[in-house]
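Okay, structure first, notes after.
The values are calculated or read from the model by the stated rules, or taken from the named source; none is laboratory data. Quick caveat: nothing in here was measured; it's all calculated off a predicted structure. Heads up, the Cβs are rebuilt from the backbone with ideal geometry, glycines too, and the neighbour counts pull from every protein chain shown.
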Amino acid sequence: MALLEIKNLHVSVGDREILKGITLTLNGGEVHAIMGPNGTGKSTLSNVIAGREGYTVTQGEVLLDGKDVFAMAADERARAGIFLAFQYPVEIPGVSTSSFLKTAINAKRRAEGHKEIDAMEFLKLVKAKTKELGMADDMIKRPLNVGFSGGEKKRAEVLQMTLLEPRVAILDETDSGLDIDALKVVSDGVNALRSKDRAFLVITHYQRLLDYIVPDHVHVLVNGRIAVSGGKELALELEAEGYAKYQGAAA
Amino acid sequence: MAVTRETAATVKEIEQYKYGFVTDIESDKAPKGLSEDIIRFISAKKNEPEWMLEGRLKAYRYWLELGDQEPDWAKLHYPKIDYQDAYYYAAPKKAALASLDEVDPKLLETYKKLGIPLLEQQMLAGVAVDAVFDSVSVATTYKKKLEEMGVIFMPISEAVHKHPELVKKYLGSVVPYSDNFFATLNAAVFTDGSFVYIPKGLRCPMELSTYFRINEKNTGQFERTLIIADEGSYVSYLEGCTAPQRDENQLHAAVVELIALDDAEIKYSTVQNWYPGDAQGRGGIYNFVTKRAACRGRNSKVMWTQVETGSAITWKYPSCILQGDNSSGEFYSVAITNNHQQADTGTKMIHLGKNTKSKIISKGISAGHADNTYRGLVRIGAKADNARNYTQCDSLLIGSTCGAHTVPYIETKNPTARTEHEATTSKISEDQLFYCRQRGMTQEEAVSLIVNGFCKEVLQTLPMEFAVEAQKLVGISLEGSVG
């Protein structure tokens, strides 16, 4: 069975239809990239799947392991295995990164009927993962995302993804604001998570990220529809030719 | 750690307001109303010496002169209090017992529900508890150990008999009977409270703690606490309150006096969780408290920390009079109001000595239809050369029907003074909530986490065993506040 199925998804904000019938199937082990110009609904897609308020689904459905995602609240979706790496992670003043991580891990563990994580076990786990991601030791003591550089924020997102072990990970413009070194570290973190039980939806404006996180499928989103789908070579073609010809086709 | 876990487990049971239970113990009550006879009755019940009775009567007569001149400058609205419609004395029948075995098992059951681990003293892990049930202290633990070190920690009614010289010297020396309407009332009718004396040079090795509990219908609670830290001593004192659910409003007017002599330090922490009334604003405690510290000695220091989550009405300004040169006062406050709760709380820092320092960190959280006011005075006297104050007031709003207000008063009579005041008002953002929920947290967990972060600077000043409870209470107090 497919991990995530998006079927004929129509989404509006107010009176305006943003997504006009998206169909996409993500199987375990696959990485799908969604590319497209600004304002075509890339972020809407990720927000709707994750459960942000303010969007109206007028048609279609999204299934996670065959279960109706729209029947679940945002936190239930998260606990069921949907993870969104935010384009702009928010600051949470006064809440240390480590206590945030612990709360999130325990929310998931409780939902799965497990005991809360032991303090020592948690510390060991987090230390190992931060090291892999090239993060400074004291970062987890700092309030979440407060005063973090762009690179630090994105690393923190990948750290959370690593610890929460999602079924479906959505990366929303994770490459924005990253220099090449940070991009590499973040990509390595994502690649380390690739497995046959997990699928990725990588949303990006530029092909650059896909040099590091190599997709199995590339979809071009234009005006709320998937204009074309293809393999990883499609991304290179777009890099060279731009979106112009699809924008014309979709209009 | 054991205590922390115990506390955490107990607090978990609270949810909403699970402290709404009533223990059925026959009480030994004075008739309703206030008169010289009632005051004589209270004094006689406590077998007080003549000088105590005289002090009470003096206060009572002064209170009569005040008429119904309750202070009205606070941003609080409540129906007029009928002082003749309340009881001023109630005591559990069996009082002042020598051992826990003699304590009414029902009372112990109540304590257990409250999470006061009296039954297992080893669980106290260094916390001596002077548990106040209604107005009379029933059991004091760890007393012996403290006695050996010269610490006096006992009900104030007992101190009147055993240490009259100390009580005479200090009682009313920080908050005189004529200080304000509620303090005057308290001076006339106070029933009991704690007395603490820390001898010269001693660093009190355990946190001293008192749990207050209101448990008699219509019984006003008039606690009186007096803490004296002699030269070079240190003490940390914890006060925590919970009360059973009631429909009537219950009046509470406590007075707390702290005295720090040369090089002494007092840390006073409160978690206040009295019944706040129901979601429609019915019932709840009226809490009019006068708390004041005198930093009399050179280099003395007082630190107030309060976490106010309960009560329908909170009127409370823990203050410091910085008399001694180089003395310092700190005030850390979290005030949470939800539903129809109203809080008007803050502090007064009165700088009199040279090089005195004060710091005020106030975090107000308002939800539902609640109103939350920070009211603070920083006064720098003519002789207070080089006085320094730093004030930070942050307000957090949840929803759009609540209010937050900041009313700072700064009076400076010395040109070398430096005062700073910073204030912010913010709302919990949808983005923050969504972010937390996307990580699997429920709406309630998310609010609790964000608000705890907002309050962190204050909560981290609490002793460990209180901090855990306070964090949980912050979340519980705001349950249902975000739709």
Query - Restricting segment A:52-92 to residues that are part of a helix (DSSP H, G or I) and more than 14 Å from chain B (Cβ to nearest Cβ), the residue that is surrounded by the most Cβ atoms within 10 Å (Cβ to Cβ) - result: A:PHE70
Requested in this report: Collect the residues in segment A:31-42 that are crowded, with 16+ Cβ neighbours inside 10 Å and either of a type outside the set (D, E, K, R) or at pLDDT 95 or above (or both), keeping them in residue-number order.
Outcome: A:VAL31, A:HIS32, A:ALA33, A:ILE34, A:MET35, A:GLY36, A:PRO37, A:THR40, A:GLY41
Query raised in the report: What's the number of the condition A:LEU45 fails, among (1) surrounded by 22 or more Cβ atoms within 10 Å (Cβ to Cβ); (2) within 12 Å of chain B (Cβ to nearest Cβ)?
Result: (2)
Query raised in the report: Residue check: is B:GLY310 buried (at least 23 other Cβ atoms within 10 Å of the Cβ) and part of a loop (DSSP other than H, G, I, E, B)?
Result: yes
Requested in this report: Find all pairs meeting these conditions: Cβ atoms under 6 angstrom apart; at least six residues apart or on different chains; first residue within segment B:156-182 and buried (at least 16 other Cβ atoms within 10 Å of the Cβ); second residue among the basic types (Lys, Arg).
Outcome: B:ILE156/B:ARG224; B:SER157/B:LYS46; B:VAL174/B:ARG292; B:VAL175/B:ARG292
Query raised in the report: What residue, of B:LYS456, B:LYS383, B:LYS413, is within 13 Å of chain A (Cβ to nearest Cβ) and among the basic types (Lys, Arg)?
Result: B:LYS456
Requested in this report: Evaluate the following for B:THR406: is it in contact with a Cys (Cβ under 9 Å, 6 or more places away or on another chain), within 13 Å of another protein chain (Cβ to nearest Cβ) and closer than 20 Å to B:THR345 by Cβ?
Outcome: no
Report summary line: Within segment B:433-449, the residues that are modelled with pLDDT of 95 or more and either at the interface with chain A (Cβ under 7 Å from one of its Cβ atoms) or under 25 Å from B:ILE360 (Cβ atoms) (or both) are B:PHE434, B:TYR435, B:ARG437, B:GLN438, B:ARG439, B:GLY440, B:MET441
Query - Filtered residue count, segment A:14-59, keeping only those that are of a type in the set (S, T, N, Q) and more than 15 Å from the chain's Cα centre (by Cα) - result: 8
Requested in this report: Within segment B:459-481, track down each residue that is more than 12 Å from chain A (Cβ to nearest Cβ) and within 20 Å of A:ALA74 (Cβ to Cβ).
Outcome: B:LEU478, B:GLU479, B:GLY480, B:SER481
Requested in this report: Name the helices (runs of 4 or more DSSP H) wholly inside segment A:200-251 in which the number of residues that are among the aliphatic types (A, V, I, L, M) and surrounded by 14 or more Cβ atoms within 10 Å (Cβ to Cβ) is 3 or more.
Outcome: A:233-241
Query - Unmet requirement for A:GLU173, which otherwise passes all of (1) over 25 Å from A:ASN38 (Cβ atoms); (2) of a type in the set (Asp, Glu); (3) away from chain B (no Cβ under 13 Å) - result: (1)
Query raised in the report: Residues in segment B:285-305: is at least one crowded, with 24+ Cβ neighbours inside 10 Å, modelled with pLDDT of 90 or more, among the small types (Gly, Ala, Ser) and outside any strand (DSSP E or B)?
Result: yes
Query raised in the report: Out of curiosity, is B:LEU34 surrounded by 15 or more Cβ atoms within 10 Å (Cβ to Cβ), outside any loop (DSSP other than H, G, I, E, B) and modelled with pLDDT of 85 or more?
Result: no
Report summary line: Taking segment B:148-168 and keeping residues among the basic types (Lys, Arg) and in contact with a strand residue (DSSP E or B) (Cβ under 9 Å, 6 or more places away or on another chain) leaves B:LYS162
**Report entry** Subset tally (residues that are within 11 Å of another protein chain (Cβ to nearest Cβ) and either exposed (fewer than 13 other Cβ atoms within 10 Å of the Cβ) or more than 20 Å from B:TYR435 (Cα to Cα) (or both)) for segment A:117-143
**Finding:** 1
Query raised in the report: Yes or no: B:GLY453 closer than 30 Å to B:GLU207 by Cα and without any contact (Cβ under 8 Å) to a residue 40 or more places away in the chain?
Result: yes
Report task. Identify the residue in segment B:424-474 that is in contact with a helix residue (DSSP H, G or I) (Cβ under 8 Å, 6 or more places away or on another chain) and in a loop (DSSP other than H, G, I, E, B) and, among all such residues, is nearest to A:ASN145 (Cα to Cα). Result -> B:ARG439
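The rows are residues; the columns are (1) modelled with pLDDT of 85 or more; (2) among the aliphatic types (A, V, I, L, M); (3) at positive phi.
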residue	(1), (2), (3)
B:ALA159	yes, yes, no
B:PRO176	yes, no, no
B:PRO199	yes, no, no
B:LYS217	no, no, no
B:SER236	yes, no, no
B:ALA243	no, yes, no
Query - Extreme residue, nearest to B:GLY453 (Cα to Cα), among residues of segment A:140-151 that are assigned to a helix (DSSP H, G or I) and at pLDDT 90 or above - result: A:LYS141
Query raised in the report: For segment A:117-136, how many residues meet the condition of being under 20 Å from A:VAL190 (Cα atoms) and in a helix (DSSP H, G or I)?
Result: 8
Report task. Scan B:LYS363, B:LYS357, B:LYS348 and give me the residue that is of a type outside the set (Asp, Glu) and surrounded by fewer than 20 Cβ atoms within 10 Å (Cβ to Cβ). Result -> B:LYS357
